1. Which Cα, out of SER123, LEU103, THR139, lies furthest along the positive dipole direction of segment 82-147 (beta carbon charges, K/R +1, D/E -1)?
2. ³J(HN,Hα) across segment 21-27 via Karplus (A = 6.51, B = -1.76, C = 1.60, θ = phi - 60°), whole Hz, x for Gly/Pro?
3. Rank-order 45-51, 146-152, 13-19 by packing density, defined as the average count of other C-beta atoms within 10 Å over each peptide's residues, highest first.
4. Explain nothing, just compute: Karplus ³J(HN,Hα) = 6.51 cos²θ - 1.76 cosθ + 1.60, θ = phi - 60°, for every residue of segment 61-72 in order, whole Hz, x for Gly and Pro.
5. Report, in whole Å, the centroid distance computed from the Cα atoms of segment 103-127 and segment 21-43.
6. Based on Cβ point charges of +1 for Lys and Arg and -1 for Asp and Glu, what charge dipole magnitude is obtained for segment 22-133 about its Cα centre, in debye rounded to the nearest 20?
7. How large is ³J(HN,Hα), in whole Hz, for each residue of segment 80-85 in order, when computed from phi with the Karplus curve 6.51 cos²θ - 1.76 cosθ + 1.60 and θ = phi - 60°, using x for Gly and Pro?
Amino acid sequence: MAFSTPNYEEIDYRYCQASTGLRFANYFIDTIVIYILIFALGIVVYFINPEILDSRNDGITERVVGMIFYGVIMSFTEAMLNGKSIGKYITKTKAVNLDGSDLTFEKAFTRNLIRIIPFNPLSALGSPCNPWHDRWSQTMVVEEKKVALQMQKTELFSTVKNQTL
């Protein structure tokens, strides 16, 4: 049986995945930011045309509009900030593709629109945290500190491997 030598030039991003606690902190912070944005938008709309706010139909319409708003805002935020949201900036995490490459706008949009699915937050429970919006868009959230350590390990092994005796 032949064993292949491990390729130290590749970083295994599975070891860099953010914990469930960090993911929850991201979600909590981002939700607070979205509520602040919705409140600010409501104030602006009130000053422009207060009748729009008075014409609310029911709670379901508000929830659907809120979820779509959350998905769209998070998509643009992650696309413009290289896989980060406000919560991810604070917790020093980042959304990336499974191979560690940066998210494209399409991938960020897909990832965040999947968040609209009602039971998506429940799919994040468990360890390791692998919610539907990550699984279905083939992305993951990594800790930047762990990625940096993996890169240092890769550099160390590549220098050792290239040395001659």
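Just so you know, all these numbers are worked out from the coordinates, no wet-lab data involved. Every value quoted in this text rests on a predicted model; they were computed, and no experiment measured them. Because the Cβ atoms are built from the backbone with ideal geometry, glycine has one as well, and the counts that use them run over all protein chains shown.
1. SER123
2. My calculation for segment 21-27 gives x, 5, 5, 5, 4, 4, 4 Hz in order.
3. On the way: 45-51: 10.0, 146-152: 14.4, 13-19: 17.6.
In descending order of packing, they fall as 13-19, 146-152, 45-51.
4. After applying 6.51 cos²θ - 1.76 cosθ + 1.60, I find 4, 4, 5, 5, 5, x, 5, 5, 4, 4, x, 5 Hz.
5. Going from one Cα centre to the other spans 16 Å.
6. On the way: 10 positive and 9 negative charges, 89 e Å.
So the magnitude is around 420 debye.
7. Listing the rounded values in order: 7, 9, 6, x, 10, 10 Hz.
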